1. Using 0.36 nm per residue of separation minus the Cα-Cα distance, give me the extension gain between Glu86 and Cys136 in nm, one decimal.
2. If amide H atoms are built 1.01 Å from N in the plane of the peptide, which residues on other chains or at least 5 residues away come under 5 Å of the amide H of Asn56?
3. Equivalent ellipsoid semi-axes for the range 11-149, as square roots of 5 times the alpha carbon gyration tensor eigenvalues: give them largest first, rounded to whole Å.
4. Using a simple charge model, +1 on the beta-carbon of Lys and Arg, -1 on the beta-carbon of Asp and Glu, nothing else, what dipole does the chain show about its Cα centre, in debye to the nearest 20?
5. Using modelled amide H (1.01 Å from N, peptide plane; none on Pro or chain starts), what sits under 5 Å from the amide H of Phe139, excluding residues fewer than 5 places away?
6. Amide H of Ala66 versus every other amide H placed in the peptide plane: which residues, excluding those fewer than 5 positions away on the same chain, fall under 5 Å?
7. Listing Ser107, Ser123 from the residue with the fewest other Cβ atoms within 10 Å to the one with the most, what is the order?
8. Quick one: which of Lys147/Lys230; Lys147/Lys171; Lys113/Lys195; Lys99/Lys230; Lys96/Lys230; Lys113/Lys230 span more than 31 angstrom between C-alpha atoms?
Amino acid sequence: MESYASSSSSDSTSTGEMEVDKLACNAHTICDSELIPLGTGLYPVISIINHSCYPNSVLVFEGRMATIRAIQQIPKGSEVLISYIETAGSTMTRQKALKEQYFFTCSCPRCIKLGQDDDIKESAVLEGYRCKNHTCDGFLLRDTEIKGFRCHQCGLVRGMEEILKIAGEEKDMSEKASVALSSGYNNEALDMYLKVEKLQMKLYHSSSIKLMRTRETLLRMLMEMQDWKKALTYCRLTIPVYESK
Ligand SMILES: C[S@@+](CC[C@H](N)C(=O)[O-])C[C@H]1O[C@@H](n2cnc3c(N)ncnc32)[C@H](O)[C@@H]1O
């Protein structure tokens, strides 16, 4: 907590706000085995572990019991590091989340690549648009001269108007699907999420986070409906996105 106190306290911050902030930056989200958040917990031993966007360990929960598991060989004397946030995000998104909740600027090996070619590619794939040519796996980069986007791979231009039209349809359908799901209209929600997936496949790269989230929702719904065959298809579609991180 030393690091928190020196990096975020200011004269204008009230004691109450500081206590809430201290709690937020030392607390961890408790998730179930499907990574659904259940609540927030404060674990004094786990609170001493620092963050990296390239973690060598993960925090897992069995009920309320928190365990740290190594995900690679950790050489003797090396620091155990976990990720405080969702690692499937662009460097800008991760840094924003860390700044807002944990009050620091991450300088892990992944974050120091900000603005480099690899990082631009990763961000464009995770959060950007796909090439209009469906046989091309390229990602789009903003081209201010043409007021649109250009594929880094084949050079094909994709206009802003077309992107905004599909993005609007996708937003509307996502909202309706979410309402249907939370109201218990599971069959209607499934149809709507399948439409969301179709729109997202037109809009985003195959490894995009939004598409992956939709597929995770579809996977959960299909498992609940015990449609194991289709669930397996979605399982196979989401795993490669995690493997590429
Ligand atoms: C849960 S505490 C971790 C332990 C803390 N370093 C300590 O000494 O008590 C979270 C706080 O540690 C600091 N921290 C964690 N990981 C960091 C990192 N990679 N770079 C800079 N500060 C970090 C931040 O101030 C963050 O709010």
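Read the figures in this text as sums done on the coordinates, not as results from a lab. Note that the structure is predicted; figures quoted are calculated from it, not measured. Please note: Cβ atoms are built from the backbone with ideal geometry, for glycine as well, and neighbour counts cover all protein chains shown.
1. 15.2 nm
2. Leu81
3. After diagonalising the Cα gyration tensor, the semi-axes are 33, 20, 16 Å.
4. So the dipole magnitude of the chain works out to roughly 700 debye.
5. For Phe139, whose amide H was placed from the backbone, the distant partners under 5 Å are His152, Gln153.
6. none
7. Numbers: Ser107 12, Ser123 18.
Arranged by neighbour count, lowest to highest, Ser107, Ser123 become Ser107, Ser123.
8. Details: Lys147/Lys230 40 Å; Lys147/Lys171 22 Å; Lys113/Lys195 36 Å; Lys99/Lys230 39 Å; Lys96/Lys230 36 Å; Lys113/Lys230 38 Å.
In this structure, Lys147/Lys230; Lys113/Lys195; Lys99/Lys230; Lys96/Lys230; Lys113/Lys230 lie more than 31 Å apart at Cα.
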